[in-house]
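Undergrad: The structure's right below; bear with me while I get my questions together.
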Amino acid sequence: MERRDFIKKSALATMALSSSITLGNFSNLFAGNLLANNAYDLVAIKGGEPDTMFDKGIAAFGGMQNFVKKGQKVVIKPNIGWDAVPEKGADTNPKLIGRIIQHCFNAGAKEVFVFDHTCDNWNRCYSNSGIEKAVKDAGGKIVSGATESYYQEVTIKQGKAIKNAKVHELILDSDVFINVPVLKNHNSGILTVGMKNNMGIVWNREEWHRNDLQQSIADFATYSKPNLTVVDAYLVMKTNGPRGTSTNDVVLMKQQIISTDIVAADAAAAKIFGVDPDTIPYIKFADQMKIGRKDLSKLNIKKIML
């Protein structure tokens, strides 16, 4: 069942509630010819603060108005899974989230919601990550993902390891879904980026771990296709992910990936991290299932150095 078809059949509840080290070679990250027009599949930005990089990256796509129309409801899904300060790189950078919200409102969005189904206590995650303040300062609405009654069961028609999932109603009722993962090491998923970040919009994620996590991540990506994926690679947790132990686990990389193709975004992020996308099973599975494209040499990519 498609997201918008499901909405029509559901009664939805109302809610509001350090130094710089190069792990991947940015210059050689995207092999192949880059086309001259602005019909980009992916934009890669390096060298600025998270908010400034997003300004430049979204401009290359013609601005947020190409994704958000007047009066629409937008849901932004960062990684806010962990009770950690921004310097630890466990959660998405709050400056990036605040700036994305601003762009959405400038494009005419009626409402912008932000939420995550956190691993640690959601109140502490939202507060200590700095994301709650950033959302409120930008005029958005921060919502808890900790109540099961706000999740509705959907069918994963193309699923191999999982056939259904309980998805948060904010996602089901959204006009625009923007996925904003932080790039980092993960002890069970190897690497967490966009498709892995989808686990924060479902309730029954433990089932994914029981039924082949890598295939489950790819399976769910056949259902959940964000309008935009923005990968935060400003502070990258290289070891001890996904929670991290200290700031010693992170490297300042000052990079960002923006794409309409979640598989391409994850593949590019893997290269930034310094690994071959083919070594990440869920990226390979998603490519085989034709959810998106991992072969970056076949994409129209723009690189921006600040």
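The values are calculated or read from the model by the stated rules, or taken from the named source; none is laboratory data. For clarity, every value in this text was computed on a predicted model and none was experimentally measured. FYI the Cβ positions are ideal-geometry reconstructions off the backbone, even for glycines, and counts take in every protein chain you see.
Undergrad: With the requirement that a residue be part of a helix (DSSP H, G or I), within 17 Å of the chain's Cα centre (by Cα) and among the β-branched types (V, I, T), what does the stretch 260-284 give you?
TA: Scanning the stretch 260-284 gives I262, V263, I272, I283.
Undergrad: Also, quick follow-up: Quick check on the stretch 214-225. Is at least one of its residues among the aliphatic types (A, V, I, L, M) and surrounded by fewer than 24 Cβ atoms within 10 Å (Cβ to Cβ)?
TA: no
Undergrad: If you check N211 against the conditions, is it under 13 Å from the mean Cα position of the chain (by Cα) and either small (G, A, S) or closer than 19 Å to A286 by Cβ (or both)?
TA: It is false that N211 is under 13 Å from the mean Cα position of the chain (by Cα) and either small (G, A, S) or closer than 19 Å to A286 by Cβ (or both).
Undergrad: Here are D116, D175, D120, D137: which of them is closer than 24 Å to G292 by Cβ, modelled with pLDDT of 95 or more, surrounded by fewer than 21 Cβ atoms within 10 Å (Cβ to Cβ) and among the acidic types (D, E)?
TA: D175
Undergrad: May I ask you to list the residues in the stretch 245-299 that are out of contact with any helix residue (DSSP H, G or I) (no Cβ under 6 Å at 6 or more places or on another chain), closer than 24 Å to K56 by Cβ and of a type in the set (V, I, T)?
TA: V250, V251, T260, I272
Undergrad: Looking at the structure I just gave you, is P242 within 16 Å of the chain's Cα centre (by Cα), assigned to a loop (DSSP other than H, G, I, E, B) and under 22 Å from G63 (Cβ atoms)?
TA: Considered against the rule, which asks whether it is within 16 Å of the chain's Cα centre (by Cα), assigned to a loop (DSSP other than H, G, I, E, B) and under 22 Å from G63 (Cβ atoms), P242 comes out as no.
Undergrad: If the Cβ limit is 9 Å and pairs must be 6+ apart or interchain, which residue in the stretch 218-234 that is over 29 Å from D55 (Cα atoms) pairs with which residue that is crowded, with 24+ Cβ neighbours inside 10 Å and hydroxyl-bearing (S, T, Y)?
TA: A218/Y282
Undergrad: Return the pairs, sorted by first residue and then second, in which the second residue is polar (S, T, N, Q), the first residue lies in the stretch 240-257 and is surrounded by 18 or more Cβ atoms within 10 Å (Cβ to Cβ), the beta carbons are less than 6 Å apart, and the residues are 6+ apart or on different chains.
TA: G241/N185; P242/T192; D249/T239; D249/N240
Undergrad: Let me spell it out: the conditions are (1) modelled with pLDDT under 95; (2) among the polar types (S, T, N, Q); (3) out of contact with any Asp or Glu (no Cβ under 9 Å at 6 or more places or on another chain), and S18 meets all of them except one. Which number is the exception?
TA: Exception for S18: condition (3).
Undergrad: For the structure I just gave you, tell me whether T229 is in contact with a strand residue (DSSP E or B) (Cβ under 8 Å, 6 or more places away or on another chain), hydroxyl-bearing (S, T, Y), modelled with pLDDT of 95 or more and crowded, with 24+ Cβ neighbours inside 10 Å.
TA: So T229 passes the test.
Undergrad: Let me confirm something: among T222, T247, which residue is over 25 Å from V85 (Cα atoms) and polar (S, T, N, Q)?
TA: Result of the check over T222, T247: T222.
Undergrad: Exactly one condition in (1) modelled with pLDDT under 95; (2) surrounded by fewer than 24 Cβ atoms within 10 Å (Cβ to Cβ); (3) out of contact with any Gly (no Cβ under 7 Å at 6 or more places or on another chain) is not met by H186; state its number.
TA: Single failed check for H186: (3).
Undergrad: When you scan the stretch 188-202, do you find a residue that is in contact with a Lys or Arg (Cβ under 9 Å, 6 or more places away or on another chain) and over 23 Å from G89 (Cβ atoms), even just one?
TA: Yes; the residues of the stretch 188-202 include at least one that is in contact with a Lys or Arg (Cβ under 9 Å, 6 or more places away or on another chain) and over 23 Å from G89 (Cβ atoms).
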